Amino acid sequence: MNSLALILLVFLPAISTKCFEPSPAFPLPLWNKQKHGHHLAPTLQNIARMLDELASDEDYDTTSFSVGLTSQTGTLWSHHHTARKHNATRPGTTHVDGRSQYRIASITKTFTTLGILHQHAAGNLSLDDPVSKYLPELIEGEPKSSLPWKDITLRLLASQLSGMPRESMQSDVINELPDPTVVGLPPASPKGLPECYEYNAFQPCNWTQLLPHLKSQQPIFAPGQQSTYGNTNFELLGLVLERVTGLSYKQYMAEAIFDPIGMHSTTLHKPNSDEHAVLPVGQYFWDVVEGVHAPTGGIYSSSADMSKYVRYVLTHFNALATGVNWFMPASWSFGINSFYGMPWETFRTDKILEHTKRPVTFVTKSGGVPAYYSKITMMPEYGLGLTVLLGGNLGLLGEIQEAVTVPLIRAAEALIWQDVDAAYSGTYSTPDSHVLNSTLTLAASPTAGLQLVGFISNGTDVFKTLLAQWAGLIDSDSGQWRVQLMPTLLYKNETAQEGEIWRLLVVEVRTGKEKIWDDFCSADVDPASYAGLPINEVVFWHGEGVVELPAWKVKMKREEAGETRERLLWQQP
């Protein structure tokens, strides 16, 4: 069997798929306001002007908002707008800033899930336990429930995959229609319905009202079959936290999350004073006590506090519990761009970057109660997080999200590629070419990433040998290919963060004539080894200006030092 046939056997699982834009394409940026803020300043100033222009519309006279952009280490930028019109008798704050408080509604779900993850990591519960283990009332006594509680795990609840009804004590239109027959509905009686929350002037419900009510509900889907948004999932998770910790939900959130993160303006009860309260004209929901609904939407917070929370999430999402990457999707939603996590709402789009179709991933959670709308957005590949809190007209939230994220990502991308070029591009060669004639040449661009454009190994042009054979295995109509480097975000020395590990990938070049199935991609970054070592592993030792290819038994030094400056690209430990 010849060498090509042997390689073919190794590559067989992957050769029927195409992966045009591998990602991540660069190491994790570590932004610093003092060192890098001036590079983003023109873009952020333009965004601020755009937000002011949007807010000038008379439709938003009663709308206030706070926007905060943070890196993993600190706030990079914030922008605030105060409504032009206020309640005459109860205006709340008349100068919105980072301390101003809003209701953040369903973003609360992420805090509840974080509490569950902490308890999972501590061994006090398991994500894969059925909820009935902690709430036996759901399966005990009469009447028997129609919901399959023994199959509904804590993980499924947190992932919007329980199949349970969306609501327990709200969103019943019988509470909104004095005469339902006007809209074509038949007459109905509220007899037998709950006697709290929307059914009774927003009097808070308690657990003894919730659990019996749930036993009368019917499933929407079988557990794990299909994701669909639900609030009841998180009400149950909040009760599980109380049962496991012996604390009230409010006390546990304060002791386990708010206080350790330093969120001193964040609370599950109405703030004692209106001094920092954003109170839109005509609003009433500021004073509503959520009761049993608190774990799904009860938190009050400020943009400054939420930036602290976003920083915590950005730096801990893959280290909260063994085997749990909190940002990983659990299911797809409708369409091809949207996914549910625990309980993140993830959006991936290839429409933002101007020079490539590499997708950008936004890990988000939004929330809304009457007059209060909010969204947090993590951009994990960029090491950035965004908070938008709004009191007033919902229509402005989507406009703010678009106005900030698109130019921000484009500006960050441009700055990152400048840094990649300065830090990695160039020719690397062996110190003594008379003994070993090996050189490696790298070039960086937003279009094609960090590319290997030349590779001589001991006098042999690898582009004409092994790389050409690998490229020949691609199911390509064009025959065009490149060799791109992809960072693994790992180091040979994790403690000192030295020895940055990348992998070489042979990638087909888009021609614009792709077929439908050409969009199918099964990622494979570890295709072959040589003498027990990964054949495509590349290690950068930046302190020495050296690149190492372990399987090729060679280290090469950069011939030109390149630009000297503070490095933006650096992975957090």
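General remarks:
- Less than 5 angstrom separates the built amide H of Gln217 from those of Ser146, all sequence-distant by 5 or more or on a different chain.
- Taking the number of Cβ atoms within 10 Å of each Cβ as an exposure proxy, the fewest-first ranking of Cys205, Cys196 is Cys196, Cys205.
- Difference of contour (0.36 nm per residue) and Cα-Cα distance, Leu177 to Ala88: 29.1 nm
- Exposure proxy ranking, count of Cβ atoms within 10 Å, fewest first, for Ile299, Ile174, Ile152: Ile174, Ile152, Ile299
- Model label points for Ile336 and Glu53, set 7 angstrom from Cα along the Cα-to-Cβ axis, are 3.2 nm apart.
- Sequence of Glu198, Glu537, Glu53, Glu514 once ranked by neighbouring C-beta atoms within 10 Å, starting from the fewest: Glu53, Glu514, Glu198, Glu537
- Two-decimal ratio, the chain, of alpha-carbon radius of gyration to 2.2 N^0.38 Å: 1.11
- Segment 239-397 pair-distance distribution - Cα-Cα, 10 Å bins, rounded %: 9, 32, 38, 17, 4, 0
- Computed from the C-beta positions of Glu514 and Ser445 and an R0 of 22 Å, the FRET efficiency is 0.60 to the nearest 0.05.
- Working ranking of peptides 68-75, 260-267 by packing, defined as the average number of other Cβ atoms within 10 Å per residue, highest first, is 68-75, 260-267.
- Local electrostatic count at Gly74 - Lys and Arg +1, Asp and Glu -1, tallied over other residues with Cβ under 13 Å: +4
- Greater than 25 Å apart at Cα, pairs in Lys464/Lys555; Lys191/Lys365; Lys33/Lys357; Lys270/Lys365; Lys133/Lys270; Lys464/Lys492: Lys191/Lys365; Lys33/Lys357; Lys133/Lys270; Lys464/Lys492
- Modelled FRET efficiency - R0 41 Å, His269 with Asp128, Cβ distances, 0.05 increments: 0.80
No lab work stands behind these numbers, since they all come straight from the coordinates. Model, not experiment: these values are computed from the prediction. As a convention, Cβ positions derive from the backbone with ideal geometry for all residues, glycine included, and neighbour counts pool all protein chains shown.
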